[in-house]
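In what follows, a structure is listed as structure tokens, so that the remarks can point back to it.
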Amino acid sequence: MLPFKKIGVCHGKTCGPAGASSIKKILEDTYGDSVEITERLCCGRCDDHNSIVVDDTVTVSHLSPDALTEQFISDPQAAIDAAKIEEEKISAQLDAALANELS
């Protein structure tokens, strides 16, 4: 059983031209009807294109079509776990920057 039910593929201003349609097609071909695959507007990771959002909670970034297969499709749970760790680091950096601004 897959560790997710849906994937949103970012089609924003940087991800769209950088291969979002190819990524969506690979995901559709891989998961068929077992996972809902949709297009999303910008997910806010423009510097990290291409990105997918898993179950509206975790953003997995830096995905070329090849990286999608190597990093996500080959072991989706590991990719999700790594993305969660990355998001925690980003959140901690933002918290530290905000604390510095307020002090």
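The values are calculated or read from the model by the stated rules, or taken from the named source; none is laboratory data. The structure displayed is predicted, hence computed values, not measured ones. Reconstructed Cβ throughout: ideal geometry from the backbone, glycine too, with neighbour counts over all protein chains shown. In case anyone asks, the SASA skips ligands and DNA or RNA and just uses the protein heavy atoms, side chains included. Shrake-Rupley method; radii C 1.70, N 1.55, O 1.52, S 1.80 Å.
Peptide packing for 35-44, 90-99 was compared via the average number of neighbouring C-beta atoms within 10 Å per residue; ordered from the highest value, the list is 35-44, 90-99.
Between the Cα long axis of helix 76-102 and the first principal axis of the chain there is an angle of about 20°, rounded to the nearest 10. Computed from the alpha carbon atoms alone, the convex hull of the stretch 37-76 holds 72 Å³ per residue.
A 1.4 Å probe run over the chain, with the rest of the protein chains in place, finds 61 Å² accessible per residue. Sketch the reach of a paramagnetic label on Ser22 as a point 7 Å from Cα along Cα-to-Cβ, and name the residues of the stretch 41-72 whose backbone nitrogen lies under 15 Å away. Under 15 Å, as judged by backbone N against the label point of Ser22, lie 49-51, 62-71 of the stretch 41-72.
Across all directions, the shadow cast by the convex hull of the stretch 23-93 built on its C-alpha atoms averages 4.7 square nanometres.
Global size of the stretch 1-42: 10.5, 33 Å for Rg and Dmax (C-alpha atoms, Rg to one decimal, Dmax whole).
Phi angles of the stretch 40-51 translate, via the Karplus equation with coefficients 6.51, -1.76, 1.60 and θ = phi - 60°, into HN-Hα couplings of 10, 6, 3, 9, x, 10, 4, 6, 10, 4, 7, 10 Hz per residue; Gly and Pro are given as x. Among the protein heavy atoms of the stretch 5-44, carbon and sulfur supply 49% of the accessible surface, probe 1.4 Å, non-protein parts ignored. Expressed to the nearest 5 percent, the antiparallel share of DSSP beta bridges inside the chain is 55 percent. With r defined as the distance between the Cβ atoms of Asn100 and Met1 and R0 fixed at 35 Å, what FRET efficiency is calculated, to the nearest 0.05? Once the sixth-power term is evaluated, E becomes 0.20.
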